[in-house]
Amino acid sequence: MSIVGAFDVHRRQLTFEYLDTATGELRRGRVVPADREHLRQWLARFAGHGEVEFALEGCTGWRYVVEELCRAGIRPHLAEPADTAALRGKKRHAKTDKTDCRHLRVHLMAGDLPESWVPPEHVLEARAVVRLYKDLLDERGAWHQRIAATLFHQGVPAIGTMAKPEGRAAVAEVELSPAGRQAAEAGLRQIDRLTGELDPLRRQLDMLSRRQPGCAALRATQFGIGAVTSVAIWAELGDVRRFASSDNVVRHTGLDITVYSSDTKRSAGHLSPARTRAAALGAV
């Protein structure tokens, strides 16, 4: 590497440090503001410098930085945050943006930087759609809970799901105070709004799950996995060939809830029965 460096990514600035291995020159500074346009202009300085590599942690904001590095012909290294932090050992000095950059650069040069997989653009786009769907679904669920809490607070008997016409009709007929009625009706309007956003997203995910071979295989072979879940598994797991075993797949997805058991006598590396389900996923 002729130039090796690192970024510490923040919303307002990108702190950088890079070393020219040919001259021994070390430079530090910031790219302000932290946006795609200013980063692209800053990276132009490395045109014609031969092999250039930069590391950054896989935290919020990494996507545009990696994309701009690739666009400038620079090789990105996406560090796994937890494993990278573990390399620090016991804390001895104050943690700053500059020390974070130095930590990444030093381990990149040493060749022991724990790296994360960088998904291709179509996988990143699928992830974004799935996460948008989940955010909207969670918000709709929250409105269902708010309406149910309002009805309970005013002594209304339990009503079935308000996602169905009979449930909504029941809400219209129950006895509520004026403010309670206002709250329930406002909640129902928000549910309708969110349903209007969710329906086309679900159709989009359904079409993707039918076209993508991995998603189609999940739907065909795993009972209970449908359009949204298949895309979520495929997009979050990515290329499963990077996993050495199905146990690693289970840990990556967080399906094994017993890994951090408080029982100190349990054998290292033991997994719950969830790994039998993940074994099939790891083969897709």
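Residues that are assigned to a helix (DSSP H, G or I), farther than 16 Å from Arg146 by Cα and open to solvent by less than 30 Å² (accessible area, probe 1.4 Å) within segment 178-227 comprise Leu198, Leu201, Leu205, Ser209, Gly214, Cys215, Leu218, Ala227, listed in sequence order. Among the conditions (1) out of contact with any Lys or Arg (no Cβ under 7 Å at 6 or more places or on another chain); (2) touching a residue at least 12 places away in the same chain (Cβ under 8 Å); (3) closer than 12 Å to Arg105 by Cα; (4) surrounded by fewer than 20 Cβ atoms within 10 Å (Cβ to Cβ), Phe54 misses just one, which is (4). Might you let me know whether segment 249-260 holds any residue that is modelled with pLDDT of 90 or more and not small (Gly, Ala, Ser)? No, segment 249-260 contains no residue that is modelled with pLDDT of 90 or more and not small (Gly, Ala, Ser). Let me spell it out: the conditions are (1) under 25 Å from Trp117 (Cα atoms); (2) of a type in the set (Ser, Thr, Tyr); (3) in contact with a Lys or Arg (Cβ under 8 Å, 6 or more places away or on another chain), and Ser245 meets all of them except one. Which number is the exception? The one condition Ser245 does not meet is (3). Scan segment 108-158 for residues that are assigned to a helix (DSSP H, G or I) and either in contact (Cβ under 8 Å) with a residue 40 or more places away in the chain or not hydroxyl-bearing (Ser, Thr, Tyr) (or both) and the total you get is 35.
Scanning segment 63-98 for residues that are open to solvent by less than 40 Å² (accessible area, probe 1.4 Å), among the hydroxyl-bearing types (Ser, Thr, Tyr) and within 14 Å of Phe16 (Cβ to Cβ) gives no hits.
The values are calculated or read from the model by the stated rules, or taken from the named source; none is laboratory data. Keep in mind that what you see is a predicted model, and the values were worked out from it rather than measured. Here Cβ is always computed from backbone atoms with ideal geometry, including for glycine, and neighbour counts include all displayed protein chains. Protein only, heavy atoms only, side chains kept; ligands, DNA and RNA dropped before computing areas. Shrake-Rupley method; radii C 1.70, N 1.55, O 1.52, S 1.80 Å.
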